[in-house]
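The values are calculated or read from the model by the stated rules, or taken from the named source; none is laboratory data. Treat the numbers as computed from the prediction; the structure is a model and nothing was measured. Note: ideal-geometry Cβ built from the backbone for every residue, glycine included; neighbour counts use all protein chains shown.
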Amino acid sequence: MAPTFFQHRLADPQWLRLAATALALGILLAGEAPWPRRAARRRQRWAANIALLMFSALLLALLPVASLGVAAWAQAHGLGLLSAWRPPRGAEIALSVVALDLAMYWNHRLMHGPDWLWRLHRVHHSDVEFDATTALRFHPFELLAALLWKWAAIVLLGASPLAVLVYESIAGVYALFVHANLHLPARLDRALRPLFVTPDLHRVHHSTAFDEGNCNFGTIFSCWDRCFRSHRAQPRQPHAAMPIGLDHFRDAEAQRLRAMLVQPWRAP
């Protein structure tokens, strides 16, 4: 009997990764209600942030290759450091996760550099609140730039398709977690911080204050910010009162899908 469409989808690792990410989003949004770090406001943002993700996903789906395909191509041609070294499978996956997270740290930091890159990235920062849907709010051109950067890192590293799948699965879920409006117990937050990014750490990055917004670039591991002197433990204001977003894009119109798509070409 020929496999059904549903069976094909269940066997597709990319589909399973996206399903896990969607499940994590639902769990985090549900958890934000009883345990919020900040008072929840403007939930109509959710529809716009999710719509932006869907629009971006449709555009990127037109690309003829995905990250797993790039990894398979590099592996088939023996490219990259890990291809030459050939460590055990478990070590290769662990090293790939760490190295790709470092690569994406620098990608994020670079997006805060040249004006033409910041204009793409500021769509993410123009969210006036901070919750799990903020992790979905990226301009499609920024996602394309990040994808090309990641593909280059995959080839240079020689990461296997399995390692890339593991990294993307972890990073997708963890990005939702660090953007969540969750009030973690202080003891848990302190325990995680030495190695991992927490929502409180990443929330500082979304402050309207310029110096606070230019710190805490890590996604999974917090050590990169400490190593490269971009770490800030706490904002000047309490988390519950700290202004989030950008001063120039705070009105309701700026939060709509159309406005987010054209924002890179708007002043300032």
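The table that follows gives values for the structure above.
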| read-out | value |
| --- | --- |
| Single residue of Gly113, Gly90, Gly80 found to be surrounded by 18 or more Cβ atoms within 10 Å (Cβ to Cβ), at pLDDT 95 or above and either touching a strand residue (DSSP E or B) at 6+ places or on another chain (Cβ under 6 Å) or not aromatic (Phe, Trp, Tyr) (or both) | Gly80 |
| Selection from the range 111-146 of residues that are under 25 Å from His239 (Cβ atoms), in a helix (DSSP H, G or I) and among the basic types (Lys, Arg) | Arg122 |
| Qualifying residue in the range 213-223 (condition: surrounded by fewer than 16 Cβ atoms within 10 Å (Cβ to Cβ), at pLDDT 95 or above, more than 19 Å from the chain's Cα centre (by Cα) and not small (Gly, Ala, Ser)) | no |
| Helices (runs of 4 or more DSSP H) contained in the range 42-88 and holding at least 2 residues closer than 13 Å to Leu136 by Cβ | 45-60 |
| Unmet requirement for His248, which otherwise passes all of (1) surrounded by fewer than 18 Cβ atoms within 10 Å (Cβ to Cβ); (2) within 17 Å of Asp101 (Cβ to Cβ) | (2) |
| Condition check for Val128: within 19 Å of Tyr105 (Cβ to Cβ) and either in contact (Cβ under 8 Å) with a residue 12 or more places away in the chain or surrounded by fewer than 18 Cβ atoms within 10 Å (Cβ to Cβ) (or both) | no |
| Residue in the range 36-62 that is surrounded by the fewest Cβ atoms within 10 Å (Cβ to Cβ), counting only those that are within 19 Å of Leu147 (Cα to Cα) and without any contact (Cβ under 8 Å) to a residue 24 or more places away in the chain | Leu62 |
| One residue from Ala233, Ala259, Ala267 being among the aliphatic types (A, V, I, L, M), over 16 Å from the mean Cα position of the chain (by Cα) and at pLDDT below 95 | Ala267 |
| Odd one out for Thr208 among (1) closer than 13 Å to His125 by Cβ; (2) among the hydroxyl-bearing types (Ser, Thr, Tyr); (3) under 17 Å from the mean Cα position of the chain (by Cα) | (3) |
| Set Phe217, Phe221: member being under 27 Å from Lys150 (Cα atoms), in contact with a strand residue (DSSP E or B) (Cβ under 8 Å, 6 or more places away or on another chain) and in contact (Cβ under 8 Å) with a residue 24 or more places away in the chain | Phe221 |
| Residue check, Gly69 at pLDDT 95 or above, over 17 Å from the mean Cα position of the chain (by Cα), among the small types (Gly, Ala, Ser) and over 30 Å from His206 (Cβ atoms) | no |
| Total residues in the range 163-185, condition farther than 23 Å from Ala99 by Cβ and surrounded by fewer than 22 Cβ atoms within 10 Å (Cβ to Cβ) | 4 |
